[in-house]
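Contents: one structure, followed by commentary.
The values are calculated or read from the model by the stated rules, or taken from the named source; none is laboratory data. Please read these numbers as outputs of a predicted model, since none were measured by experiment. Because the Cβ atoms are built from the backbone with ideal geometry, glycine has one as well, and the counts that use them run over all protein chains shown. Heavy atoms of the whole protein, side chains included, go into the accessibility calculation; ligands, DNA and RNA do not. Shrake-Rupley method; radii C 1.70, N 1.55, O 1.52, S 1.80 Å.
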Amino acid sequence: CKNRKRTLDFNDIDWIWRDDFVKWMYASPRKFSANNAAKVFEVIKQFMNVALRRRLHENKIYQEPGFGVKRQKVQSKLRLTFDELKELIKEDLSDNKRHEVVRDLFIVGCYSGLRYSDWHQVDKNQIFVDEGVELLEILTTKTKQLVIIPVLPELDAVLKKYDYKLPVITVQEFNRVIKDVCAPILKE
């Protein structure tokens, strides 16, 4: 709506709107994947169903077969071995700061097991030593669980590099750039 400078009413959700919205999602700079677009339509349908139950509209076009976007089966997700992670750590990315930051954040995720939403909470005050083992204690954002994670040397190196204040980038930017960052490792 903001992009098209218009408002949207429940009754505007029809086949014409659907086709226009799909084109908008797939257009540059967005370029949604089919599975991401399918998820967006699932949320729209949930929203419309709740509004229908609350009698805010009577539009049922969104319930028609084919109204959403079909999910595509993903062949296989890429996974890096520990050897490949070590190669990635050794990569000199100093000539491309964005790649270097994304690689470092990826290493934090791999060696901590934390979600993206928790990486930026990490603080030096959350690190303590117990029986000679350096540990990170953090309350996770999504589940509100207190977790204790061993600080492995790879994680420690990245945390110290940024003085325990990890750079902040959007998850979309991270997801876009990490593919480029890992490409040389995966080709070998």
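Between helix 171-187 and the chain, what is the angle of the helix's C-alpha long axis to the longest principal axis, kept within 0 to 90° and rounded to the nearest 10? The answer is roughly 60 degrees.
Pairs over the 27 Å Cα-Cα cut-off, from the set Lys97/Lys160; Lys86/Lys187; Lys86/Lys124; Lys39/Lys60; Lys31/Lys73; Lys86/Lys161: not a single one. Sparsely packed loop sites in the stretch 142-183 (the trypsin sites (Lys or Arg not before Pro) outside DSSP H, G, I, E and B with at most 16 other Cβ atoms within 10 Å) comprise Lys142, Lys144, Lys165.
Assigning unit charges at the beta carbon (Lys, Arg +1; Asp, Glu -1) and nothing else, what dipole magnitude in debye, to the nearest 20, does the stretch 38-177 show about its Cα centre? Can you show the working numbers first?
Details: 24 positive and 21 negative charges, 268 e Å.
With only Lys, Arg, Asp and Glu charged at Cβ, the dipole is about 1280 debye.
Measuring r between the beta carbons of Glu42 and Lys165 and using R0 = 41 Å, the FRET efficiency lands at 0.65.
Only helices enter the 222 nm calculation for the chain: every DSSP H run of n ≥ 4 contributes -39,500 (n - 2.57), and dividing by all residues gives -14500 deg cm²/dmol, rounded to 500. Placing unit charges on each Cβ (+1 for Lys and Arg, -1 for Asp and Glu) gives the chain a dipole about its Cα centre, and among Ile13, Thr170, Leu159 the Cα reaching farthest toward its positive end belongs to Ile13.
Given a Förster distance of 30 angstrom, what is the FRET efficiency for Phe128 paired with Lys179, based on the Cβ-Cβ distance and rounded to 0.05? About 0.25, to the nearest 0.05. Our summary gives the chain a relative contact order of 17 percent, counting only alpha carbon pairs under 8 angstrom and 6 or more residues apart.
Leaving out ligands, DNA and RNA, and with a 1.4 Å probe, what % of the accessible surface on the stretch 32-78 is carbon or sulfur? Carbon-and-sulfur percentage of accessible area, whole number: 53. For Cα extents along the principal axes in Å, the candidate list reads [x] 64, 38, 32; [y] 44, 41, 33; [z] 44, 35, 30; the entry that matches the value derived from this model is [x]. Each part reduced to its alpha carbon centroid, the stretch 161-188 and the stretch 82-108 end up 7 Å apart. Counted residue by residue at 0.36 nm each, then reduced by the alpha carbon distance between them, the extension gain from Arg55 to Asp12 reaches 13.9 nm. Treat the stretch 128-188 as a sphere of radius equal to its Kirkwood radius over Cα pairs and apply Stokes-Einstein at 25 °C in a medium of 0.890 mPa s; give the translational diffusion coefficient in µm²/s, rounded to a whole number. Estimated diffusion coefficient is 172 µm²/s.
Per residue, the average separation of C-alpha pairs within less than 8 Å and at least 6 apart gives the stretch 4-92 a relative contact order of 34 percent. One decimal place: the segment Lys70-Ala27 gains 13.7 nm when fully extended, by the rule 0.36 nm per residue minus the C-alpha distance. Between Leu186 and Ala34, the FRET efficiency estimated from the beta carbon spacing at R0 = 30 angstrom works out to 0.85.
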